[in-house]
1. Can you tell me which residue among B:Ala69, B:Ala43, B:Ala36, B:Ala126 is at pLDDT below 85 and out of contact with any strand residue (DSSP E or B) (no Cβ under 8 Å at 6 or more places or on another chain)?
2. Among the residues of the stretch B:217-242, write down those that are in a strand (DSSP E or B) and surrounded by fewer than 16 Cβ atoms within 10 Å (Cβ to Cβ).
3. Mind telling me which of the residues A:Asp244, A:Asp277, A:Asp230 ends up being in contact with a helix residue (DSSP H, G or I) (Cβ under 8 Å, 6 or more places away or on another chain) and among the acidic types (Asp, Glu)?
4. Between residues in the stretch A:224-246 that are under 29 Å from A:Thr268 (Cβ atoms) and residues that are surrounded by fewer than 16 Cβ atoms within 10 Å (Cβ to Cβ) and of a type outside the set (S, T, N, Q), which pairs lie under 6 Å by C-beta distance while being six or more apart or on different chains?
5. If I ask for residues that are over 28 Å from B:Ala561 (Cα atoms), of a type outside the set (S, T, N, Q) and surrounded by fewer than 22 Cβ atoms within 10 Å (Cβ to Cβ), which ones from the stretch B:385-424 would you list?
6. Out of all the residues in the stretch A:43-51, is one or more at pLDDT below 95 and in contact with a strand residue (DSSP E or B) (Cβ under 7 Å, 6 or more places away or on another chain)?
7. Could you look through the stretch B:193-216, keep only residues that are in a strand (DSSP E or B) and within 14 Å of chain A (Cβ to nearest Cβ), and pick out the one that is farthest from A:Gly97 (Cα to Cα)?
Amino acid sequence: MTAPAIETDPGQAFSRYLDCLAEADEYAAIEVARGLLDAGVPAERVLLDLVAPAQAEVGERWARNEWSVAQEHAATHISERVVAAIAGRANPRPTRGRVVVACMDGEWHALPPRLVAEVLRLRGWQVTFLGASVPVAHLVSYLHRHDAHAVALACALPMRLPHAHRMIEACRRSDVPVVVGGRGFGEDGRWARRLGVAWAPDAPTAADLVADERALRRVPPAELSHLADDEYGGLLKRRGELIDSALADLRDRVPGMSSYTGAQLDSTVSDLGYIVDFLAAALYVDDASLFTEFVRWLVEILTSRGVPAGAVGMTLSHYRRALHDFPRAGRFLVAGEALVTEVSHAGR
Amino acid sequence: MTAADVRGWDPGDGRISTPSAARAPAWAADAPTRPASGLPPLAPDRGHAEPDWSEVVEHFREGLIVCDADGVVRHLSAVAARLLPEVTPDVPLVTAGIRELTTPDAPAEFTHRGRRLRVRRVPLSAGRSCRYVEDVTESVTRSDALLTERARSAFLAVVGEKLGNPLHPDRAAAAVVRLAVPTLAEVSVLVLAPRAGRARWWRAARSEDETPIVDSGVLAATDLPAAIEEGLAGAEPHAVDWLVEQAVDAGWLPGLPAHETSARVVPLPGHDAPTGVLLVARRATRFYDEADIDLVRAFAARAGAALTTAVLYRDQAEVADTLQASLLPVEPAEATGVQWGTAYRPAQAGLRIGGDFYGSHRLADGGSVFFLGDVSGKGVEAAVFTGQLRQCLQALHRVESHPVRLLRLLNDALLETTQAHGQGRFATMVLGVVRPHRDGSLTLTMAGGGHLPPLVLRAGGEVEPVGLSGMLVGVVPDPRIGEVTVRLAPGETCLLYSDGVTEARGGRRGDELFGPERLVTALAGCHRMPAPALAERVEQVTCDWLGHGDHDDIAVLALRATGTGARNSRHLHAVPRPPEQREHQE
């Protein structure tokens, strides 16, 4: 390890930092961040211009199947240590109220909300970071015991939106305003609007919103009247049966499945489950694009791992046939199938 | 008046007893042509069954004023004369001086001599006109009262919903003042009963948009306005004038000048004395009448209950918190050459404690005792038992550092305690001692007390189960305890976990066990992960398997040999991609 060259631009340090993540070298990664701080770069910029984009790149490398889950986890762990080191160096004295930052129940992408937590801390808030996958009961009991000015909730997967909504409502019942963030609410936060909750695209915006309590309380109400058709609840009830029948359908059509290992079978079953869960989430916010965006992503992920797009198409049409009495779900599935056809033609 | 004048005209609202068009021809021809005061005689050729229409008209609930083309009153029914005594027959209607009767676009309803009157003006033939005057005082009063009552119930329902959940006391106070605006007040101030000579207050003020501005502060109890003190003593001050002055003096009513303001103070009922008082103020144009005060009182009752509950909840939560803190697993103490990783997820999330436990204690010789286990039962009782167990170990490791002998001591101690208290509790656990070597490797000597055997992640990527068996701890006096020694080369990891991991139920139907095979698969390719990341990964795959289903307590403890030197992570290289493995976390 050579002494790091003094760099003053997080953009320039970026590639060296990524190398450190690839090498799983925690100490070198911390030194890159420290170098920037020593050169006078504000802590907030190091977090947002170095750590955050690096984490996005880590996710993309995983999606392209260049990195394994283990590598991704190791890199994330190192970035967490770097964030802790930066936070420890800055160590601002809290001058404002308490803000609770947490990941939705079932949500494990803790680094983005951790960055938001540190940005809030740097801006003088007394921040409590509850971590990954916080159960609703835990969050609520925390809010009962500590006077929180606001809660910031993160959700990376749109699949969790129905749970996110429950969690948001629980916070509201404790009379604590909520701001949400993360890709789970859509690139433009449109599903946050649907759920009637304030949304921030990035950490600085979240910090500005938290500082304006009246803006947090002034959000238009949720628009969920479409749930009256009960397709969401009906789909959840049939989840297990749908996955079973889809698996049987795949076994009939894909001869290679008979030689699948237990792990491969588990992974197929969980994919079949994700399709149902994303469909359910799309029904919950009544937006076909939630489902088609997922299908596009799933096809990309599977293709990069050698599974043909057609397999997804087969399952979508199986679900469509099984859900013939679910008109909204049917429309979303048709849109998904059209996308698979388009992608697999483009791929040829 | 002729029947032809009104024939075929019916507003259709069902309130007006206009003769029906169908019957009109039967009597139209012979109806009296000249209405006059008094009842005209019946036409001689009519059968006695035919009613006298003038007489009938006189008994309408509506009064009638018929004017000729020049606006001179030609007929005034008795009802009209009573409702509008200013109107006299045979003089122009204008002379009565009632604007609403003569101005064409005047509102159809107006208040006259304390009665609410509704007027319809209907043109008749030959330029004549008729005004139908109805007294609607009672129905208007009734529907006004109904609307007001509905608004009140709706308001109290919202208040009940918002304050019905247990809140943090400060949140509850802020919610109380915010909810009072704008329905009850333009400015509302809540003053809590003073504690230790200081009274905290919250205030909400109406703003241009519909979200009130809330702020808060503290006053010395001696500086409280007299009216507030009176309220805190349980009285409801009635001398309203000086109340406003006091509130203005206290600086609580920005933008409301004293002489134009109406204010009231209502105590918030508590268990014994009031928990606080609510001051409501608004412009004097809307002074507080008795009905308003009733609403404020109803609001104050709900607010008082919410605040009392909040304080009670907080006090109990403080006690629970203190107790919980002593029962939560303590993160392992830093040890040379060891990187610890932990994960802990109790079954009852709101409780945050459970029957799984882990921990470590440093030994004088540079090694550490470490343990992970699970006690019988769930919830608080189980957590209390883990606390006893951890305290036992904390004391016992000072006299005995050999794992098997330490576990035996622990077994005897537990047996004695459970026999004394008749609890019949027992535990399963792995208890080990880790000692670092010069080359950066670690030696782990572990004793098994009926717990799931640990897994070792080798540098080559293999996941090896450690052969370790033994009997439950705290059941029999001389249990069989397994012993095993494992050497971890730098970068290798030993993983201890509770049955909450392998017995997690999930999968397609939510009833399939996660099982040890899936755990081993999930660990494949993870042998170079830092220990905290590895522990979190085990927690994550378990929770993903569970979906959102119920689960047992989950605990994970990972020990990784970090190697020698400060740069002990340098050996970490890019983790090789595991063959044929596909995962599904974004």
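1. B:Ala43
2. Across the stretch B:217-242, the qualifying residues are B:Gly217, B:Val218, B:Ala220.
3. The match here is A:Asp277.
4. Between residues of the stretch A:224-246 that are under 29 Å from A:Thr268 (Cβ atoms) and residues that are surrounded by fewer than 16 Cβ atoms within 10 Å (Cβ to Cβ) and of a type outside the set (S, T, N, Q), the close pairs are A:Gly240/B:Arg509.
5. B:Gly387, B:Leu409, B:Asp412, B:Ala413, B:Leu415, B:Glu416, B:Ala420, B:His421, B:Gly422, B:Gly424
6. No, the stretch A:43-51 contains no residue that is at pLDDT below 95 and in contact with a strand residue (DSSP E or B) (Cβ under 7 Å, 6 or more places away or on another chain).
7. B:Ala205
For every residue, the table says whether it meets (1) within 11 Å of another protein chain (Cβ to nearest Cβ); (2) within 30 Å of B:Ala349 (Cβ to Cβ).
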{"site": "A:Val46", "(1), (2)": "no, no"}
{"site": "A:Ala52", "(1), (2)": "no, yes"}
{"site": "A:Ala63", "(1), (2)": "yes, no"}
{"site": "A:Trp67", "(1), (2)": "yes, no"}
{"site": "A:Ala90", "(1), (2)": "no, no"}
{"site": "A:Arg93", "(1), (2)": "no, no"}
{"site": "A:Ala117", "(1), (2)": "no, yes"}
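The values are calculated or read from the model by the stated rules, or taken from the named source; none is laboratory data. Just so it is clear, the model here is predicted, and its values are computed rather than measured. Here the Cβ is made from the backbone with ideal geometry for all residues, glycine too, and neighbour counts use every protein chain on show.
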